[in-house]
Each structure stands twice: as structure tokens, then as C-alpha cells.
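First comes the structure, then the notes that go with it.
The values are calculated or read from the model by the stated rules, or taken from the named source; none is laboratory data. The structure presented is a predicted model; accordingly, all values stated were derived computationally and were not measured. Here the Cβ is made from the backbone with ideal geometry for all residues, glycine too, and neighbour counts use every protein chain on show.
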Amino acid sequence: MNSRLPQLLDRAAAVFAEHGFTGASVREIVAPIGMLPGSLYSHFPTKERLLVAVYREGVERISKVVDKAIEKESDPWARLEAACVAHLTSLLDKTSYSQVVIRVRPSDAPSAAEELIALRNEYESRFNLLVDALELPRGVDRRDFRLLLVGALNWSQTWYRPSGGRRPAEIARRFVRILKTGLAGK
């Protein structure tokens, strides 16, 4: 039974990424891997539980990339930059899992919303720690700083074009540099 689980997760990620959670049908998820719609429920009791599993896998994949990137750095700004580069590169790699993480909103699946929010918050706690380690001018709200940066990075899936002349890593570095130099008054 579990031998089809990786296929099921991959296929669900692809369908959720393409159609969103509400637009995805169980039949569309399972048919290409040779399963009947009812067979899904031997793995997951609901479509929402399948979404949580896909979302968790996406968060874990992005988390591993970010964690690996920051372990090489010791300077707080360099660590933040490395995290932003890894984060943005992961989001713009256009894998189904990264698209689910960035495009599916907790409100799309109300019965799973609490768990999706917890997964997102656990991931973003890395950025809390990274921003907390920065020397910022008095009066700069660290939460606002983090939300501004992560929000800009996350919105990139809407405006980024590979033909635009800048690679994801360069964009992430520029975002961090703008914030750093702007705060320094340079």
C-alpha cells in the first residue's frame, strides 16, 4: 500500500500546483497513477489530509535548502542573504511542491488551516532568528522587517520572469542589500 505513497504525493503536488486545492479533483490526482478515487482514502482520510502531507513535504524541502545555505555563514547579514537566496531560488524552481507552499492558502482548506499555518510558521521561524541576530537601528520593528522581506520574496512567483535579466539569487541579494544599506542611511 505504501509503495504508491511517493507517487501519490508527487501527483497531488502537481495537481494542487496547477489547479489549486479547491480546483483539484481526487480523480485527477489518482487516475494517472492507476488508482481508483476511493483508494486515496486508504492513505489519507480526506483530501485536506493529503494537502497537509504535500505541504509538509514542500516545507521540508525548502527548509533543507535554506538550512544548508545558512550553515556556511557566520555573519548575521551574510546568513540572512544566504537564506533569502536559498528561499527565493527554491520558490522559483517551479517544482510542484514549492508552488503548493507558495500558492495554497490556509483558507483554501479550512479544516487543515491550523496545521498549514503551523507548518508555515515553523519554517518562517528561521527568518525570525536570522532577523533577530541583525544589528538594526533603534525603532526598526523586526517583525515588520521580516514580513517586508519574506513577503517580497514570496510575491516573486507573481512578477518574476526568467527572461527579465536577473536570476533569483541576484534578486534576493539585491533585496537584502537594499534593506541593509537603506537602514544604514547610505
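Could you look through the range 124-159, keep only residues that are aromatic (Phe, Trp, Tyr), under 18 Å from the mean Cα position of the chain (by Cα) and over 15 Å from residue 82 (Cα atoms), and pick out the one that is surrounded by the most Cβ atoms within 10 Å (Cβ to Cβ)?
155
Counting just the residues of the range 36-72 that are of a type in the set (Asp, Glu) and closer than 27 Å to residue 107 by Cβ, which one comes out surrounded by the fewest Cβ atoms within 10 Å (Cβ to Cβ)?
Residue satisfying both the conditions and the ranking: 60.
Before we move on, is residue 153 under 23 Å from residue 63 (Cα atoms), of a type in the set (A, V, I, L, M), without any contact (Cβ under 8 Å) to a residue 40 or more places away in the chain and assigned to a helix (DSSP H, G or I)?
Spelling it out, it is not the case that residue 153 is under 23 Å from residue 63 (Cα atoms), of a type in the set (A, V, I, L, M), without any contact (Cβ under 8 Å) to a residue 40 or more places away in the chain and assigned to a helix (DSSP H, G or I).
Taking into account only those residues within the range 1-33 that are touching a residue at least 12 places away in the same chain (Cβ under 8 Å) and outside any helix (DSSP H, G or I), which is farthest from the chain's Cα centre (by Cα)?
Checking each candidate, the answer is 1.
Scan (1) in contact with a helix residue (DSSP H, G or I) (Cβ under 7 Å, 6 or more places away or on another chain); (2) at pLDDT 95 or above; (3) in a helix (DSSP H, G or I); (4) not hydrophobic (A, V, I, L, M, F, W, C) for the single condition residue 98 breaks and write down its number.
Every condition holds for residue 98 apart from (2).
Does the range 73-95 hold any residues that are part of a helix (DSSP H, G or I), surrounded by fewer than 20 Cβ atoms within 10 Å (Cβ to Cβ) and of a type outside the set (Phe, Trp, Tyr), and which are they?
76, 78, 89
Can you tell me which residue in the range 34-60 is nearest to residue 89 (Cα to Cα), limited to those that are assigned to a helix (DSSP H, G or I), at pLDDT below 95 and in contact with a helix residue (DSSP H, G or I) (Cβ under 7 Å, 6 or more places away or on another chain)?
That would be 40.
Report, by residue number, each residue of the range 16-30 that is within 14 Å of residue 109 (Cβ to Cβ), of a type outside the set (Phe, Trp, Tyr) and either touching an Asp or Glu at 6+ places or on another chain (Cβ under 6 Å) or loosely packed, with under 14 Cβ neighbours inside 10 Å (or both).
Correct list: 19, 22, 23.
Of the conditions (1) of a type in the set (D, E, K, R); (2) surrounded by 12 or more Cβ atoms within 10 Å (Cβ to Cβ); (3) within 23 Å of residue 121 (Cα to Cα), residue 11 fails just one. Which one is it?
Going through the list (1) of a type in the set (D, E, K, R); (2) surrounded by 12 or more Cβ atoms within 10 Å (Cβ to Cβ); (3) within 23 Å of residue 121 (Cα to Cα), residue 11 breaks only (3).
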